[in-house]
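The values are calculated or read from the model by the stated rules, or taken from the named source; none is laboratory data. From a predicted model like this one, the values you see are computed outputs, not experimental measurements. With ideal geometry, Cβ positions are generated from the backbone for all residues, glycine too; neighbour counts draw on all protein chains shown.
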Amino acid sequence: MKRMIFGASFLGVVFGAQTTVAQSLGQSLRPVVRPAVVAPVNVIDVSATVTAIDRAVRPKTRPSTLAGQAEQAMQVATSAAGFDRWVGEFRSRAERQGIRSATLDAAFRGVSFDADVIRRDRNQSEFTKTIWQYLSSAASDTRIANGKAALARHRATLEAIERRYGVEKEVVVAVWGLESAYGSYRGSNDIVRSLATLAYEGRRGAFFEEQLFAALKILQSGDTSPRNMTGSWAGAMGHTQFIPTSYLAYAVDFNGDGRRDIWSEDPTDALASTAAYLKRYGWTKGQPWGVEVQLPRGFDYTQANRTIKKSPNAWARDGIMDMNGRKVPNHGRASILLPAGAQGAAFMIFDNFAAIEAYNTADAYVIGVGHLSDRIKGGSPIRASWPTGDRALSFAERQELQRRLTQAGFSTQGIDGRIGPKTIDAIRSFQRNRGLVPDGYASLALLQRLR
Ligand SMILES: [Ca+2]
C-alpha cells in the first residue's frame, strides 16, 4: 500500500476546505491513504481518496457547480435506497472470501448508508497548498512542541519500539504527529459503515470493497469489535491512520495483550505498527531522510533528478555542501530534490526518503515527516527561502500546462493534471529550449510563459 496526498502537484499539496481550521489548531495534516500505486516523483495523485481525518490534508477532485450539486444531492438521496440490497450482495461475496455470517451479522448490525461520507468524498474542494505552506503547518511550533511532549510521555515505549524495529523514535512520533496530531484526531466514523457506503457508491468501489473485506477480516480475527472500529470517513484507522489492508499486513501487538489494538487510547500498538511498516519498507537506522544542502553557482539542474544517485562525496565534488558549507557525511547514495524548483530549498535525499514514501508518496508529506522528526530531535529550521510569491497550480491549470507544453512540441505524454516524471522532463526540455533554468518546476510563471 502506498498513501498519497491528494491533488498535490510538483508545486503543492491540495487540502480540503476544512483543513484550515484544523491546521490552525495544529491538528493532523494527514494526507490520504491510497491503494498501491507507483507514483511518479513529485506527483500526488488527484483521483484518489481516503483522507484520514476530514480536516487533514485533502484531495481535490472536481469543480462543483450549482447544477452539479443538485445532481449530487439527488444521487445521494437515491443511493440510500439501494444500499441494503447491495449489502446483501456484498455479504455473499464476503462469505465466498471466508467471512463468517456471524462476523457479517455483527459488522452490519444497524449499519445504514452514510450520505455524509459521500458528500465529503464529493466535496473535495480544490484548495491547493504550496510546499512551504504545507511545511509551516506540518512542522509548526505547536506540532514540534507537542511532538517533544509526546516523545517524553511515551519515551520508554518508543525506545523499546526503536530497539525492536530500528526506526528512530522521533520519526515514529513525526508520523504520529502528521497522521492524527499525536492521537488527538483519530476519527470517529464507523469504519464498516463508511467503507460499505463508499464501496456501494462505486466511484472507487473496487478499492473500498477490498478495504471492507480487510476490515471484516480484522473483525473476524477478534482484534477489535465492529463499533470500536472507528476512523476517518474514508477508512483510515487509529493513531497512525492505517487503512485495513495495511493493518492486516503490518499491524503488530507490541504490548502483548494478544490484540493488535490501534484504536485504543494507548498508542503502543499503533506506534509499533508504524515502525514495523517503515522497517518493512527499508528504513535504515542512523540514515537521515534527507539533508538540506546548498547548490553551487552554475549547478546543472538536470542533476536534480530522482533517478540520479551519487555518494555525498561525489556530490561534494560537484560543489554540493550542507548549509554550513561542509561535506554531507556518507550515509549512502543520494539524489538531489528541489521541491519548489531552483528558487526554493534543496535536499540531498537518501533511501530512507523512499521508506517514508511508502506511507505517502507526496514529496511534501515525506519532507514534512522528515523535517518534523528533525525538529523534534532539536534540529534547525529549513534555512533556504521559498518562492513565496508563487502559488500552487490548480488541477485545471496543471492540465493546461500539459496541453500547452505538448502543443509547443514538448510532449507530456498525456494530459492528466499530474506532474509526473514525463511532465517534468517536458518542462525541462522546454526550459532548456528557451534558455531558462531547467529545474522541471511546474510554476505559474511557466504556465504564463506558455500562454
Ligand atoms: Ca496489543
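Conditions (1) over 26 Å from TYR281 (Cα atoms); (2) crowded, with 22+ Cβ neighbours inside 10 Å; (3) without any contact (Cβ under 8 Å) to a residue 12 or more places away in the chain, marked per residue:
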residue: ALA139; (1), (2), (3): no, yes, no
residue: LYS148; (1), (2), (3): no, no, no
residue: VAL173; (1), (2), (3): no, yes, no
residue: TYR182; (1), (2), (3): no, yes, no
residue: SER188; (1), (2), (3): yes, no, no
residue: SER194; (1), (2), (3): yes, yes, no
residue: GLY205; (1), (2), (3): yes, no, yes
residue: PHE213; (1), (2), (3): no, no, no
residue: ASP223; (1), (2), (3): no, no, no
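It is to be established whether one or more residues within the stretch 276-283 are more than 16 Å from the ligand (Cβ to nearest atom), over 22 Å from the mean Cα position of the chain (by Cα), assigned to a loop (DSSP other than H, G, I, E, B) and over 26 Å from TYR185 (Cα atoms).
Scanning the stretch 276-283, I find no residue that is more than 16 Å from the ligand (Cβ to nearest atom), over 22 Å from the mean Cα position of the chain (by Cα), assigned to a loop (DSSP other than H, G, I, E, B) and over 26 Å from TYR185 (Cα atoms), so the answer is no.
Scan the stretch 251-294 for residues that are over 24 Å from PRO329 (Cβ atoms), surrounded by fewer than 24 Cβ atoms within 10 Å (Cβ to Cβ) and not charged (D, E, K, R) and jot them down.
Within the stretch 251-294, VAL252, PHE254, ASN255, GLY256, GLY258, TRP263, SER264, THR268, ALA276 qualify.
This table checks each residue for (1) farther than 21 Å from ALA156 by Cβ; (2) of a type in the set (D, E, K, R); (3) touching a helix residue (DSSP H, G or I) at 6+ places or on another chain (Cβ under 7 Å).
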{"position": "GLY238", "(1), (2), (3)": "no, no, yes"}
{"position": "GLN241", "(1), (2), (3)": "yes, no, yes"}
{"position": "ALA249", "(1), (2), (3)": "yes, no, no"}
{"position": "ASP253", "(1), (2), (3)": "no, yes, yes"}
{"position": "ALA272", "(1), (2), (3)": "no, no, yes"}
{"position": "LYS279", "(1), (2), (3)": "no, yes, yes"}
{"position": "GLU292", "(1), (2), (3)": "yes, yes, no"}
{"position": "GLY298", "(1), (2), (3)": "yes, no, no"}
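If you go through the stretch 102-114 one residue at a time, do you hit one that is among the charged types (D, E, K, R) and surrounded by 14 or more Cβ atoms within 10 Å (Cβ to Cβ)?
Yes, there is a match, as at least one residue in the stretch 102-114 is among the charged types (D, E, K, R) and surrounded by 14 or more Cβ atoms within 10 Å (Cβ to Cβ).
Filter the stretch 96-120 down to the residues that are under 21 Å from ARG203 (Cα atoms) and either assigned to a loop (DSSP other than H, G, I, E, B) or free of Cβ contacts under 8 Å to residues at least 12 places away in the same chain (or both) and list them by number.
If we filter the stretch 96-120 for residues that are under 21 Å from ARG203 (Cα atoms), which is where we start, we get 111-120.
VAL111, SER112, PHE113, ASP114, listed by residue number.
Could you list, in sequence order, all residues of the stretch 305-332 that are touching a strand residue (DSSP E or B) at 6+ places or on another chain (Cβ under 8 Å) and outside any loop (DSSP other than H, G, I, E, B)?
LYS310, PRO312, TRP315, MET321, ASP322
Could you grab me the full set of residues in the stretch 263-280 that are touching a strand residue (DSSP E or B) at 6+ places or on another chain (Cβ under 9 Å) and more than 14 Å from VAL175 (Cα to Cα)?
Selection gives TRP263 alone.
Quick check, is LEU401 surrounded by 24 or more Cβ atoms within 10 Å (Cβ to Cβ), in a helix (DSSP H, G or I), hydrophobic (A, V, I, L, M, F, W, C) and in contact with a Leu (Cβ under 6 Å, 6 or more places away or on another chain)?
Answer is yes for this residue.
Looking at (1) part of a helix (DSSP H, G or I); (2) at pLDDT 95 or above; (3) surrounded by 19 or more Cβ atoms within 10 Å (Cβ to Cβ), which one does PHE410 not meet, given that it meets all the others?
(1)
Conditions first: (1) of a type in the set (Lys, Arg); (2) within 30 Å of ALA150 (Cα to Cα); (3) touching a helix residue (DSSP H, G or I) at 6+ places or on another chain (Cβ under 6 Å). ARG259 passes all but one, so which condition is the exception?
(3)
Please specify each residue of the stretch 204-224 satisfying the condition of being of a type outside the set (A, V, I, L, M, F, W, C) and more than 20 Å from the chain's Cα centre (by Cα). Please lay out each step first, then the result.
Step one: filter the stretch 204-224 for residues of a type outside the set (A, V, I, L, M, F, W, C), giving 204-205, 209-211, 217, 220-224.
Of everything in the stretch 204-224, those that are of a type outside the set (A, V, I, L, M, F, W, C) and more than 20 Å from the chain's Cα centre (by Cα) turn out to be GLY205, GLU209, LYS217, GLN220, SER221, GLY222, ASP223, THR224.
Looking only at helices (runs of 4 or more DSSP H) that fall completely inside the stretch 133-235, which ones have 3 or more residues that are within 30 Å of ALA384 (Cα to Cα)?
The qualifying helices (runs of 4 or more DSSP H) are 141-153, 169-180.
Matching residues to (1) of a type in the set (D, E, K, R); (2) crowded, with 21+ Cβ neighbours inside 10 Å; (3) within 24 Å of LEU151 (Cβ to Cβ); (4) without any contact (Cβ under 8 Å) to a residue 40 or more places away in the chain:
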site: ALA345; (1), (2), (3), (4): no, yes, no, no
site: GLU357; (1), (2), (3), (4): yes, yes, yes, no
site: ARG391; (1), (2), (3), (4): yes, no, no, no
site: ALA445; (1), (2), (3), (4): no, no, no, no
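Could you please find all residues in the stretch 413-443 being in contact (Cβ under 8 Å) with a residue 60 or more places away in the chain, under 23 Å from ILE336 (Cα atoms) and in a loop (DSSP other than H, G, I, E, B)?
The answer is ARG418, ILE419, GLY420, VAL437, PRO438, ASP439, GLY440, TYR441, ALA442, SER443.
Answer yes or no: is there a residue in the stretch 226-248 that is farther than 17 Å from ARG91 by Cα, within 14 Å of the ligand (Cβ to nearest atom) and more than 19 Å from the chain's Cα centre (by Cα).
yes
Take the residues in the stretch 250-266 that are of a type in the set (Phe, Trp, Tyr) and assigned to a loop (DSSP other than H, G, I, E, B), then tell me which one is farthest from the ligand (Cβ to nearest atom).
TRP263
For ILE336, are the conditions met, namely being part of a loop (DSSP other than H, G, I, E, B), over 20 Å from PHE242 (Cα atoms) and at pLDDT 95 or above?
It is false that ILE336 is part of a loop (DSSP other than H, G, I, E, B), over 20 Å from PHE242 (Cα atoms) and at pLDDT 95 or above.
Would you mind telling me which numbered condition in (1) touching a residue at least 60 places away in the same chain (Cβ under 8 Å); (2) touching a Lys or Arg at 6+ places or on another chain (Cβ under 6 Å) ASP351 fails?
Result: ASP351 passes all but (2).
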